[in-house]
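The values are calculated or read from the model by the stated rules, or taken from the named source; none is laboratory data. Because the structure is predicted, anything quoted here is derived from the model rather than measured. When we count neighbours, we look across all protein chains shown, and the Cβ atoms used for this are built from the backbone with ideal geometry, even at glycine.
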Amino acid sequence: MGGNGPVLEAVGLRKRFGDLEAVRGVGFTIDPGETYGLLGPNGAGKTTTISMVSGLLEKDAGEVTIAGLPVTTTALEPKRLVGLVPQEVAIYPDLTARENLRFFGRLYEMTGKALAQRIDEVLAVIGLSDRADDRAKDFSGGMKRRLNIGIGLLHRPALLILDEPTVGVDPQSRNAILESIEELSAEGMAVLYTTHYMEEAERLCDRVGIIDQGEIRAEGTRRQLVESIGEQDRLRIEASGPLREVSARLGELPGVTGTSAGDGVVEVLADDGGAILSPALALLAAAGVAVSSVTIEEPDLEAVFLHLTGKALRD
């Protein structure tokens with residue numbers, strides 16, 4: 001299966017929908033045991049890229065190979081090497097966890113004692129052994145997502161694709177999912193991971209590709225990406241008031257390279273956080289914004305993302 005080369009290799013992927021070129025020359029590789037994070041704002045091209053990589057969507061140009069096998073919408077062999085866990089939970093609610101796994105295992109032509117043993121192994125990995133014979137409709141959202149991941153793992157894929165697997169789950173289930181992914185990577189599985197939670201990317205991903213407007217803007221390890229934007233600071237200002245309106249004005253301050261506003265938080269990327277703190281607070285006060293706390297943080301992946309895209313990851 002591909003010898004010592006990458007598990008996944010994507011080169012020059014392009015896809016157009018009418019006048020919109022959703023993906024424009026995207027390429028990356030994933031090695032055995034590596035978790036690769038594909039990060040981008042909504043509409044950046046992540047889902048289209050994943051659909052082409054997994055063979056669900058025909059590409060307009062470019063090449064994808066999995067373990068050296070060319071991927072197309074009609075090629076079955078490379079698809080057997082992929083475990084795809086989509087954003088939307090894809091399970092049968094009236095079946096038990098064990099019955100769901102047995103059904104999908106049979107789709108992969110797994111039978112008998114080998115299937116039964118693998119089901120027990122997967123239930124242990126996803127932490128559902130004690131709920132194996134309960135109907136999925138009685139599970140919490142987090143448990144359903146863990147079962148969804150188990151289905152993707154069942155046939156021992158060379159490449160596991162996880163498209164925002166922790167959206168809407170409780171903290172306990174979320175941590176269980178992340179721990180499972182860490183263990184799978186340690187065992188040699190290649191993982192392609194998308195998320196709207198930067199802390200997950202910080203924790204899990206060996207390398208990250210930042211995609212925006214259909215193009216990979218930067219790629220590398222966390223350290224490489226942080227170094228690429230220089231010594232910049234991020235101000236995190238917790239406040240109430242017209243935050244989105246004042247965010248644009250903060251972006252006009254000298255030394256500020258990017259801003260973002262969310263629920264109760266304004267973030268400012270600057271060359272020198274200490275130097276712009278006083279004028280930033282003065283601007284906020286003049287705009288009627290009530291500040292409750294301010295922190296200055298060292299550069300991280302969020303800072304890189306904001307610098308490259310001008311947006312927060314969840315925008």
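Observations, loosely collected:
- Scanning the stretch 176-190 for residues that are over 16 Å from N148 (Cβ atoms), crowded, with 19+ Cβ neighbours inside 10 Å and among the hydrophobic types (A, V, I, L, M, F, W, C) yields M189, A190.
- Residue list for the stretch 161-179, filter: farther than 15 Å from S140 by Cβ and not in a loop (DSSP other than H, G, I, E, B): I161, L162, D163, L178, E179
- Selection status of T221, outside the structural domain of G43 (by TED's automatic domain parsing), within 23 Å of the chain's Cα centre (by Cα) and β-branched (V, I, T): no
- Selected residue (only one of V89, V23 is assigned by TED's automatic domain parsing to the domain that holds V208 and either surrounded by fewer than 20 Cβ atoms within 10 Å (Cβ to Cβ) or assigned to a loop (DSSP other than H, G, I, E, B) (or both)): V89
- Number of residues in the stretch 113-136 that are in contact (Cβ under 8 Å) with a residue 24 or more places away in the chain, farther than 18 Å from Q87 by Cα and assigned to a helix (DSSP H, G or I) equals 6.
- Residue list for the stretch 253-287, restricted to those being farther than 16 Å from D233 by Cα and charged (D, E, K, R): D263
- Residue tally, condition of a type in the set (V, I, T) and within 28 Å of V169 (Cα to Cα), over the stretch 70-89: 3
- E200, sole failed condition from (1) assigned by TED's automatic domain parsing to the domain that holds R174; (2) assigned to a strand (DSSP E or B): (2)
- Matching entry among L13, L56 (being under 20 Å from the mean Cα position of the chain (by Cα) and part of a loop (DSSP other than H, G, I, E, B)): L56
- Of residues in the stretch 277-289 being out of contact with any helix residue (DSSP H, G or I) (no Cβ under 7 Å at 6 or more places or on another chain) and surrounded by 10 or more Cβ atoms within 10 Å (Cβ to Cβ), the one nearest to D263 (Cα to Cα): G288
- Residue in the stretch 183-200 that is aromatic (F, W, Y) and out of contact with any Ser or Thr (no Cβ under 8 Å at 6 or more places or on another chain) present: no
- Being buried (at least 20 other Cβ atoms within 10 Å of the Cβ), modelled with pLDDT of 95 or more and in contact with a Phe, Trp or Tyr (Cβ under 9 Å, 6 or more places away or on another chain) is a description that does not apply to F103.
- Within the stretch 226-249, the presence of a residue that is part of a strand (DSSP E or B), touching a helix residue (DSSP H, G or I) at 6+ places or on another chain (Cβ under 7 Å), surrounded by 14 or more Cβ atoms within 10 Å (Cβ to Cβ) and free of Cβ contacts under 8 Å to residues at least 24 places away in the same chain is excluded.
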